[in-house]
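Enquirer: Below is one structure. I have some questions about it.
The values are calculated or read from the model by the stated rules, or taken from the named source; none is laboratory data. None of the values given here were measured: they were computed from a predicted structure. For neighbour counting, all protein chains shown are included, and Cβ atoms are generated from backbone atoms with ideal geometry for every residue, glycine included. Accessible surface areas use protein heavy atoms only, side chains included; no ligands, DNA or RNA. Shrake-Rupley method; radii C 1.70, N 1.55, O 1.52, S 1.80 Å.
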Amino acid sequence: MIKPLVDNIEIANLITKKMKGGLTDEESIQLNSWLEEQNANKEIYSRILEGDGFAEGIDLISEFDLENSWNQIEPKIKDSKSFNYKRYFKYAAAASVLFLIALTTYIVNPFEKTEITAGTPKAVLTTVNGEDVVLEKEKKYSDQFVSSSNGTLKYDEIPAVSSKNAVNYNYLTIPRGGEFTLVLSDGTKVWLNSDTKIKYPIQFKRGAPRNVELLYGEAYFDVVSAEDFNGSSFSVQSNGQRLKVLGTEFNIKSYPEDLATKTTLVEGSVVVSIAGEQVELTPDSQLIWDKETESFKVIELNSIAETSWKQGVFNFNHLPLEEVLKVVSRWYDVNVEFEHQETKKIQFNGVFKKDQKIDNILETITKSINTAYEIKEDKIIIK
């Protein structure tokens, strides 16, 4: 236990001497070596030097009478061959002064570091009259035919409105760093991922298709079958494509910044109308719509792994690092910057729980591809 403590105190002594302008060449090399060990060391060092308490700290160092303090305490310390108490006290005194400097700096200019935390259930409900209602997991909300609690917004299962009546729509917007669950009036359940917006009717018209629109983002649908709703089919409009289903489970991922829209069928059957064609998907298949080429393809995959986000799991399977960190950035509401463009294309495989600390995820990712990262406030920098 003594050696790590002494090592840290030696560094404290070097910083003290650096501030007083008394470092030798050898000591400068030692200090620089410590600074290069990890970004945290640089951050500690810079905040000591740049804080408003720096000048006061220098005064404290200048006024500190090390020899007099040692002469007073020396008689009380027993002689020991195993440890140099005088040397230890000397470093401890330096460390104490540094602590005062750091404390003064913090009081005058607090360390305003943004804590990056995992996302939580939260959303904004836009009502028929244009009112925005903030929804949170621990915050209950209720109005006519609708209520929210524990991260779920639920509409009462009421008889469909007459075809002669106008359909009233609500919007549910999920911010970055959020997620929410929506239960429509027909009982259809929709899981909404971070940075997502959906438009849907408060009630569905009797005898008419049940239509909703995913404006952007990612959503997983568990649709009540047509047999349970007077034979009415269910359809989802999203980014130029329309899905028609009778009752099934599927996922749509359609973010504006992504190069493709991906529709994954988990269970049942859907027909996708896109680019003038109709494509029927089977379970464990995915339709990928390329926005640049305006073309699509259908691939086979493990749909459970693809939709694991709604179960609280990130499952990355041979994805470019850029795509991986897009997902992470949405959930933790941070920005990502790459120092080298070629790093974006490196393939990554890995599974993480969504409630993990972001540092744990970044450590695993960067070590696996032999690189490093740095967090500056709300920005992740990949070296």
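Enquirer: Quick one: is residue 333 touching a strand residue (DSSP E or B) at 6+ places or on another chain (Cβ under 9 Å), open to solvent by 30 Å² or more (accessible area, probe 1.4 Å) and in contact (Cβ under 8 Å) with a residue 60 or more places away in the chain?
Expert: Working: touching a strand residue (DSSP E or B) at 6+ places or on another chain (Cβ under 9 Å): yes; open to solvent by 30 Å² or more (accessible area, probe 1.4 Å): yes; in contact (Cβ under 8 Å) with a residue 60 or more places away in the chain: yes.
Considered against the rule, which asks whether it is touching a strand residue (DSSP E or B) at 6+ places or on another chain (Cβ under 9 Å), open to solvent by 30 Å² or more (accessible area, probe 1.4 Å) and in contact (Cβ under 8 Å) with a residue 60 or more places away in the chain, residue 333 comes out as yes.
Enquirer: Quick check: anything in the range 173-191 buried (at least 19 other Cβ atoms within 10 Å of the Cβ), within 25 Å of residue 240 (Cβ to Cβ) and of a type in the set (Gly, Ala, Ser)?
Expert: no
Enquirer: Follow-up. Out of the range 13-52, which residues are among the hydrophobic types (A, V, I, L, M, F, W, C), modelled with pLDDT of 70 or more and open to solvent by less than 70 Å² (accessible area, probe 1.4 Å)?
Expert: Step one: of the range 13-52, the residues among the hydrophobic types (A, V, I, L, M, F, W, C) are 14-15, 19, 23, 29, 31, 34-35, 40, 44, 48-49.
Restricting the remaining residues to those that are modelled with pLDDT of 70 or more gives 14-15, 23, 29, 31, 34-35.
Within the range 13-52, 14, 15, 23, 31, 34, 35 qualify.
Enquirer: Which members of the range 225-246 meet the condition of being open to solvent by 30 Å² or more (accessible area, probe 1.4 Å) and outside any helix (DSSP H, G or I)? I'd like the intermediate steps shown before the answer.
Expert: The first filter runs over the range 225-246 and keeps only residues open to solvent by 30 Å² or more (accessible area, probe 1.4 Å), leaving 225, 227-228, 230-231, 237, 239-240, 242, 244, 246.
Correct list: 225, 230, 231, 237, 239, 240, 242, 244, 246.
Quick grid of which residues meet (1) farther than 24 Å from residue 41 by Cβ; (2) open to solvent by 60 Å² or more (accessible area, probe 1.4 Å); (3) in contact with a Lys or Arg (Cβ under 7 Å, 6 or more places away or on another chain); (4) among the β-branched types (Val, Ile, Thr):
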position	(1), (2), (3), (4)
281	yes, no, no, no
287	yes, no, no, no
295	yes, no, no, no
300	yes, yes, no, no
338	no, no, yes, no
360	no, yes, no, no
364	no, yes, no, yes
378	no, yes, no, no
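Enquirer: Ok, one more. Any chance the range 164-172 includes a residue that's polar (S, T, N, Q), out of contact with any Phe, Trp or Tyr (no Cβ under 7 Å at 6 or more places or on another chain) and over 26 Å from residue 354 (Cα atoms)?
Expert: Within the range 164-172, the first condition is being polar (S, T, N, Q), and the residues that meet it are 165, 168, 170.
The next check asks that each one be out of contact with any Phe, Trp or Tyr (no Cβ under 7 Å at 6 or more places or on another chain); those that pass are 165, 168.
From the residues that got through so far, the ones that are over 26 Å from residue 354 (Cα atoms) too are 165, 168.
Yes, the range 164-172 contains at least one residue that is polar (S, T, N, Q), out of contact with any Phe, Trp or Tyr (no Cβ under 7 Å at 6 or more places or on another chain) and over 26 Å from residue 354 (Cα atoms).
Enquirer: Can you tell me how many residues in the range 341-350 are loosely packed, with under 12 Cβ neighbours inside 10 Å and touching a residue at least 12 places away in the same chain (Cβ under 8 Å)? Steps first, please.
Expert: At the first step, the residues of the range 341-350 found to be loosely packed, with under 12 Cβ neighbours inside 10 Å are 341-342, 345, 349.
Pick out the ones that are also touching a residue at least 12 places away in the same chain (Cβ under 8 Å) and you get 345, 349.
Total satisfying the criteria: 2.
Enquirer: Right, another one. List the strands (runs of 3 or more DSSP E) inside the range 253-321, counting only whole elements, that have at least 3 residues being under 24 Å from residue 355 (Cα atoms). Walk me through it before giving the result.
Expert: Working: elements: 260-267, 270-274, 277-281, 285-290, 295-300, 313-320.
The strands (runs of 3 or more DSSP E) meeting that bar are 313-320.
Enquirer: Another question, if that's okay. Could you please tell me which pairs satisfy a Cβ distance under 6 Å, a separation of 6+ or placement on different chains, a first residue in the range 168-181 that is hydroxyl-bearing (Ser, Thr, Tyr), and a second residue that is open to solvent by less than 70 Å² (accessible area, probe 1.4 Å) and in a strand (DSSP E or B)?
Expert: Listed pairs, sorted by first residue: 169/199; 169/201; 171/126; 171/199; 173/124; 173/197; 181/152; 181/191.
Enquirer: Also, I was wondering about something else. Given (1) open to solvent by 50 Å² or more (accessible area, probe 1.4 Å); (2) on the phi < 0 side of the Ramachandran plot, where does residue 307 come up short, assuming only one miss?
Expert: Among (1) open to solvent by 50 Å² or more (accessible area, probe 1.4 Å); (2) on the phi < 0 side of the Ramachandran plot, residue 307 violates only (1).
Enquirer: Name the single residue that is modelled with the lowest pLDDT among those in the range 129-139 being open to solvent by 40 Å² or more (accessible area, probe 1.4 Å) and within 29 Å of residue 358 (Cα to Cα). Steps first, answer last, please.
Expert: Pass one, the range 129-139, residues open to solvent by 40 Å² or more (accessible area, probe 1.4 Å): 129-132, 134, 136-139.
Now narrow it down to the ones that are within 29 Å of residue 358 (Cα to Cα): 134, 136-139.
Details: 134: 96, 136: 95, 137: 91, 138: 87, 139: 90.
Going through the qualifying residues, I end up with 138.
Enquirer: In addition: Check off (1) open to solvent by less than 50 Å² (accessible area, probe 1.4 Å); (2) more than 19 Å from the chain's Cα centre (by Cα) for residue 370 and give me the number that stays unchecked.
Expert: Here residue 370 clears every test but (1).
Enquirer: State yes or no: is residue 136 within 20 Å of residue 197 (Cβ to Cβ) and in contact with a strand residue (DSSP E or B) (Cβ under 8 Å, 6 or more places away or on another chain)?
Expert: yes
Enquirer: Sort out which residues of the range 365-383 are over 21 Å from residue 316 (Cα atoms) and aliphatic (A, V, I, L, M), and write them in order of number.
Expert: Residues of the range 365-383 over 21 Å from residue 316 (Cα atoms): 374-379.
Residue satisfying the conditions is 375 alone.
Enquirer: Looking at the range 220-231, I want the residues that are of a type in the set (Asp, Glu) and have a partner that is open to solvent by 60 Å² or more (accessible area, probe 1.4 Å) and not in a loop (DSSP other than H, G, I, E, B) with Cβ atoms under 7 Å, at least 6 apart or on another chain. Which pairs are those?
Expert: Close Cβ pairs satisfying both conditions: 222/189.
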